[in-house]
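Down below is the structure, laid out as structure tokens.
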Amino acid sequence: MKIVKTAKTKENNTITLLETENNNAPKTVLIIGVFHGEEPQGEYLINEFLKTDLNKIKNKLLIVPCLNPDGKRKNIRQNSNGVDLNRNFPTKNWCVSSKKEYFGGTEPASEIETNFMIDIINTYKIDAVLSVHAPFKIINYDGPAKGLAEKISQITGYKVQADIGYPTPGSFGNYIGVERNIPIITLELPENETNENLWKVNKPVFDYLANEY
């Protein structure tokens, strides 16, 4: 894989976009880890996947191992400005919220990390997105992704849940799935499981997106 884009956060940590070099691939899949800093499991899974042989995969992969390195270093949900990145996208339902854990910023797309993702979406024709979160042990989806969600459910044993159960104004799922009609899966990993077990269960998900989707 090659590094095709980087950005520096407020605290001078680096966000990186990696890309496989199979330019004639039939589909392009975007995989993102650590939207929320206290959910580092996604970066672990991605790094394990990057150790596998990616030279002969079918689809093009775009990978952001850790979108929120500032939050990860502090073990908090938000970034260093106290903004929940998954509430900061310029969607039709974005709104100003109270300055608590789901605070979406004073205006949409106010954050470096958010604009990093927006630029990726505007640069590439993306066929599906996998965003790795925790801790609900479900397959959540937005946009035309029901079939993909059911397939990933079959692989992992996690149940499909179209509604996360609470409002998500300004979310990446709304931005990508609802408003751009791009299938997006929010893979909610269970808590209280070792990273090694999570990788054992979810490695086939990464393989499926790379080769069979």
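Details
- Condition check for residue 80: surrounded by 20 or more Cβ atoms within 10 Å (Cβ to Cβ), touching a residue at least 24 places away in the same chain (Cβ under 8 Å) and of a type in the set (Ser, Thr, Tyr): yes
- Residues in the range 103-122 that are open to solvent by 40 Å² or more (accessible area, probe 1.4 Å) and under 17 Å from the mean Cα position of the chain (by Cα): 4 in all.
- Against the test of being in contact (Cβ under 8 Å) with a residue 40 or more places away in the chain, part of a loop (DSSP other than H, G, I, E, B) and open to solvent by less than 40 Å² (accessible area, probe 1.4 Å), the options 66, 95 yield a single qualifying residue, 66.
- Every condition in (1) at negative phi; (2) modelled with pLDDT of 95 or more; (3) polar (S, T, N, Q) is met by residue 181 except one, and the failing one is (1).
- For residue 84, the criteria (1) within 24 Å of residue 4 (Cα to Cα); (2) under 15 Å from the mean Cα position of the chain (by Cα) hold in every case but one, which is (1).
- From the options 163, 127, 142, residue that is closer than 30 Å to residue 207 by Cβ, of a type in the set (Asp, Glu) and at pLDDT below 95: 163
- Tally, over the range 123-137, of residues that are open to solvent by 20 Å² or more (accessible area, probe 1.4 Å) and either not in a helix (DSSP H, G or I) or not β-branched (Val, Ile, Thr) (or both): 6
- Scanning the range 54-63 for residues that are in contact with a Phe, Trp or Tyr (Cβ under 7 Å, 6 or more places away or on another chain) and either surrounded by fewer than 21 Cβ atoms within 10 Å (Cβ to Cβ) or farther than 13 Å from residue 209 by Cβ (or both) turns up just one, 59.
- Selected residue (criterion: surrounded by the fewest Cβ atoms within 10 Å (Cβ to Cβ)) from residues of the range 1-33 that are of a type in the set (A, V, I, L, M, F, W, C) and assigned to a loop (DSSP other than H, G, I, E, B): 1
- Residue in the range 34-53 that is open to solvent by 10 Å² or more (accessible area, probe 1.4 Å), touching a Lys or Arg at 6+ places or on another chain (Cβ under 6 Å) and in a loop (DSSP other than H, G, I, E, B) present: yes
- Of everything listed in (1) under 19 Å from residue 29 (Cα atoms); (2) of a type in the set (A, V, I, L, M, F, W, C); (3) in contact (Cβ under 8 Å) with a residue 60 or more places away in the chain, the single unmet condition for residue 118 is (3).
- Summed over the range 138-154, residues that are open to solvent by 50 Å² or more (accessible area, probe 1.4 Å) and touching a residue at least 12 places away in the same chain (Cβ under 8 Å) total 3.
- Looking across the range 170-212, the residues that are in a loop (DSSP other than H, G, I, E, B) and closer than 16 Å to residue 141 by Cα come down to 170, 171, 181, 182, 183.
- Condition broken by residue 90, with the remaining ones in (1) open to solvent by less than 10 Å² (accessible area, probe 1.4 Å); (2) more than 16 Å from the chain's Cα centre (by Cα); (3) not aromatic (Phe, Trp, Tyr) satisfied: (1)
- Residue 45 meets each of the listed conditions (1) over 16 Å from the mean Cα position of the chain (by Cα); (2) modelled with pLDDT of 95 or more; (3) more than 22 Å from residue 166 (Cβ to Cβ) apart from (1).
The values are calculated or read from the model by the stated rules, or taken from the named source; none is laboratory data. Only a predicted model underlies this, so the values are computations on that prediction, with no experimental measurement involved. Using ideal geometry, Cβ is built from the backbone for each residue, glycine included, and neighbour counts are taken over all protein chains shown. We work out accessible area using only protein heavy atoms, side chains counted, and drop any ligands, DNA or RNA first. Shrake-Rupley method; radii C 1.70, N 1.55, O 1.52, S 1.80 Å.
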